[in-house]
1. Taking amide H positions as placed in the peptide plane 1.01 Å from N, state which residues far from Phe96 in sequence (5 or more) or on other chains have amide H under 5 Å from it.
2. How much length would be gained if the chain were fully extended between Gln183 and Arg233, taking 0.36 nm per residue of separation minus their Cα-Cα distance, in nm to one decimal?
3. Are there any trypsin sites (Lys or Arg not before Pro) in the stretch 40-72 that are in a DSSP loop and have at most 13 other Cβ atoms within 10 Å? List them by number.
4. What's the center-to-center distance, using Cα atoms, between the stretch 9-29 and the stretch 73-127 in Å?
5. Can you tell me the accessible area per residue over the chain, all protein chains present, probe 1.4 angstrom, in square angstrom?
6. Say each of Ala254 and Lys117 gets a label point 7 Å from the Cα, pointing the same way as Cα to Cβ; how far apart are those two points in nm?
7. What FRET efficiency comes out for the pair Ala42/Glu198, r = Cβ-Cβ distance, R0 = 51 Å, nearest 0.05?
8. For every helix of n ≥ 4 consecutive DSSP H residues, a contribution of -39,500 (n - 2.57) applies; sum these over the chain, divide by its total residues, and give [θ] at 222 nm rounded to the nearest 500 deg cm²/dmol.
Amino acid sequence: MTGHDRTETAMAREIREIPPATERLLAGHDRVATVADRIRKANPRHVVISGRGSSGNAGTLLRYLFETRAGVLVSTSAPSVLTTYRQSIDMQDAVFIVVSQSGRSPDLVMGAQSARKSGALTIAIVNDLASPVALACELTLYVGAGLEQAVAATKSVVLSMVIGAQLIASLTSDHALGEKIKQLPQRLSDALTCDWSEWSGSLASARAAFVIGRGFGLGAAREIALKVAETMRLPTLGYSAAEVRHGPLAAASAETPLLVLRQEDGSSEMVDALIAELRERKLNVFSVGNRSGTLPWIGNDDPICDAITMLLPAYATIERAARDRGFDPDNPPNLTKITETL
């Protein structure tokens, strides 16, 4: 594939399909209410979230949702505790949630099986109801992304985040959030008109890049960083706006692109201060969601939904930039669509 070949890639098509796929997902909300009711009856003391790669990034948002909106402590599963060290964990009074597009990685399957056996209420957020992960769990939430052909997942990631937000809105009876989620299909469609090529253009000559977010935006920041690494073959790090100050900024130079995501919530003041500091240091900062944002944006609305929505202009821009560099975004080197790990 050359930079002049404009045949639509699978990745581009799957990004374009996200708004209508989200609309279809929201139409089938009954299953979400059923799962939320089961969680409510279980009255868990803690939630454990399991997922790798892009699914892990969706899990990062879900962690913030459970802790900030439901007030339930969340931890991230370490599959190697079971698969490598052969140690099962007491999961009484816990909810164990696996996020996985394919649902086929052996470590995630074993983790779900062990959690269920150890007393947890197990839930799978998957794109394949017949997958081993889905079958291992007591309850499933189907994202309905359909077949994804591009190795770098996009549609299923956004839908996993959306269904996580739906789950929390239902669990906490947050009708305001529920109404904002209903507006997501149009917001996602509008976001696809935002051209972030000013940012992606700076990636071409960079040796590394950063994507920074906080709170609800951290999962999106990590996901965008992963997509740059996958499709543009550029080492890219996703950091919390707090964590990036604890060492990582030493690796940034005036040529290092730093994309900062900012949503309107309790994190705004701190992120604004970070953006101002980075600019004072004359670093290569691109920001979205703030008043002096350098990248096009559709305007702030709900902080949870905005964090999800910011993925779309990033995805679309990364896909175009990869093609412009002569890369095939559908088939990154050294990667496969289904990754199986222990």
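The values are calculated or read from the model by the stated rules, or taken from the named source; none is laboratory data. Keep in mind that this is a model prediction, so the values were computed, not measured. Cβ: placed from backbone, ideal geometry, glycine included. Neighbour counts: every protein chain shown. Heads up: the accessible areas ignore ligands, DNA and RNA and are worked out on the full protein's heavy atoms, side chains in. Shrake-Rupley method; radii C 1.70, N 1.55, O 1.52, S 1.80 Å.
1. Counting only residues 5 or more places away or on other chains, the set is Val48, Leu121, Thr122, Ile123.
2. 14.6 nm
3. Numbers: sites: Arg40, Lys41, Arg45, Arg52, Arg63, Arg69; in loops: Arg45, Arg52.
Answer in residue order: Arg45.
4. Taking the Cα centre of the stretch 73-127 as reference, the centre of the stretch 9-29 is 28 Å away.
5. 42
6. 6.0
7. Details: r = 47 Å, r/R0 = 0.93.
Rounded to the nearest 0.05, the efficiency is 0.60.
8. Working: 15 runs with 153 residues, N = 342.
Value at 222 nm, helices only: -13000 deg cm²/dmol.
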